[in-house]
1. Can you tell me which residue is surrounded by the fewest Cβ atoms within 10 Å (Cβ to Cβ) among those in segment 53-69 that are aromatic (Phe, Trp, Tyr) and in a strand (DSSP E or B)?
2. Given the residues 158, 170, 139, 134, which is the only one that is among the β-branched types (Val, Ile, Thr), over 13 Å from the mean Cα position of the chain (by Cα) and over 19 Å from residue 105 (Cα atoms)?
3. Kindly provide the set of residues from segment 70-116 that are under 21 Å from residue 188 (Cα atoms) and out of contact with any strand residue (DSSP E or B) (no Cβ under 9 Å at 6 or more places or on another chain), ordered by number.
Amino acid sequence: MKNILFRRLVVPALFILLLIPGLLVAREIDGVRLPDVLTIAGTRLVLNGAGIRTKFFFHVYVGGLYLQTPTHDPAAIIAGDAPMLVRMHFIYDGVSPEQMQNGWQKGFRRLAPHAGKELQAAMHRFIKLFSVTVKKDDVYDFAWIPGKGLEVRFNDKVLDVIDSFALKKVLFRIWFGREPADSDLKEGMLGL
């Protein structure tokens, strides 16, 4: 009797729950749960991959890349003018605004040393967004929304939208370029 009840009620209910995207499924890395699906500007994005940003043997944040269609091609991601998002979920407690700003500035200088005035202005505007000490479980989202720009969120609050595709490409090269800031994080977010 119990076996029949299990097969007729419990198994179909579990099957239905598994069909609802994102309800029960999430990837966990170093204690951080990343959802398998996010929606930005009405577009459904799926988790392409995730990894840990390490600096001097410290785990700094879990990074996740969300795309409409998963890919392992970093050049397509960098050049892509399609909705996409990188999530930085911090696991290190106490990253100062100066450390955040210096890190971005170093990456931009390395990857765009001869940037024109418009790109320089966009990079400067971006760097100034990092004005608080980042604590454990704080989250930054960097969403490229075609026709709108690069939307930067901190703990789900929109800080700015910067309409610069050149900025998006340089930013994504920091993670996915030939010489990324962290090659293990790159591989993880590419799903390799």
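Read-outs: derived from the displayed coordinates by stated rules, not from any lab. All of these numbers come straight from a predicted model, not from anything done at the bench. Glycine gets a Cβ as well: all are built from the backbone with ideal geometry, and neighbour counts include every protein chain shown.
1. If we filter segment 53-69 for residues that are aromatic (Phe, Trp, Tyr), which is where we start, we get 56-58, 61, 66.
Those still in the list that are in a strand (DSSP E or B) too: 58, 61, 66.
Values: 58: 9, 61: 25, 66: 28.
Ranking the qualifying residues of segment 53-69, first place goes to 58.
2. Numbers: 170 fails: over 19 Å from residue 105 (Cα atoms); 139 fails: over 13 Å from the mean Cα position of the chain (by Cα); 134 fails: over 19 Å from residue 105 (Cα atoms).
Only one candidate qualifies: 158.
3. Filtering segment 70-116 for residues under 21 Å from residue 188 (Cα atoms) gives 70-80, 82-92, 103-104, 107.
73, 74, 75, 76, 78, 79, 104, 107 - these are the residues of segment 70-116 that are under 21 Å from residue 188 (Cα atoms) and out of contact with any strand residue (DSSP E or B) (no Cβ under 9 Å at 6 or more places or on another chain).
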